[in-house]
Amino acid sequence: MTNAENTPKQKPIEKVKYGRVQAAIWRKGTDKTWHEVSFQRGFKRKDGSFGNSHSFDLQSALALRAALDEAIPLLRNLDAAARVPAPMPEEIDDDGPYIDDEGNFVADDGTVTVT
């Protein structure tokens, strides 16, 4: 048995369908998460079985555009939700020594050294 047989098949986390065209949104990454979209067009073979294609005639291309228009906001929202918010910077200690507007040094205790 190979590793491919042991690994469960990944499924899309979202699907968008317009006519015979389907967009599938996939979660990717391990350390960092991002999302990708794939498209396929379903068709029926002469023998009655079904298949998928990644080429599109005019009618299918219009459906693909509609699916893409719906998939883009989903991708943005999923990627934004997957991002870890940046830590807030530590507060600035305003009580420490500083240089005043006239260029004088003001110490912690409030004494002013004129420069």
- line: Of the residues in segment 32-51 that are closer than 18 Å to GLN10 by Cα and not in a loop (DSSP other than H, G, I, E, B), the one that is modelled with the lowest pLDDT is TRP34
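Take the conditions modelled with pLDDT of 95 or more, loosely packed, with under 14 Cβ neighbours inside 10 Å and not charged (D, E, K, R) and apply them to GLY29. Does it pass? Explain how you work it out, then say what you get.
Working: modelled with pLDDT of 95 or more: no; loosely packed, with under 14 Cβ neighbours inside 10 Å: yes; not charged (D, E, K, R): yes.
Answer is no for this residue.
Listed here are the residues, each with its yes/no results for (1) under 14 Å from HIS35 (Cα atoms); (2) outside any helix (DSSP H, G or I); (3) over 26 Å from the mean Cα position of the chain (by Cα); (4) modelled with pLDDT of 80 or more.
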residue: ALA63; (1), (2), (3), (4): no, no, no, yes
residue: ALA66; (1), (2), (3), (4): no, no, no, yes
residue: ASP69; (1), (2), (3), (4): no, no, no, yes
residue: ALA86; (1), (2), (3), (4): no, yes, no, no
residue: GLU90; (1), (2), (3), (4): no, yes, yes, no
residue: ASP94; (1), (2), (3), (4): no, yes, yes, no
residue: GLY103; (1), (2), (3), (4): no, yes, yes, no
residue: ASP108; (1), (2), (3), (4): no, yes, yes, no
Among (1) modelled with pLDDT of 85 or more; (2) assigned to a loop (DSSP other than H, G, I, E, B), the one test that ALA24 misses: (2)
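The values are calculated or read from the model by the stated rules, or taken from the named source; none is laboratory data. The shown structure was predicted, so the numbers you read here are calculated from the model rather than taken from an experiment. Backbone-built Cβ (ideal geometry, glycine too); neighbour counts: all protein chains shown.
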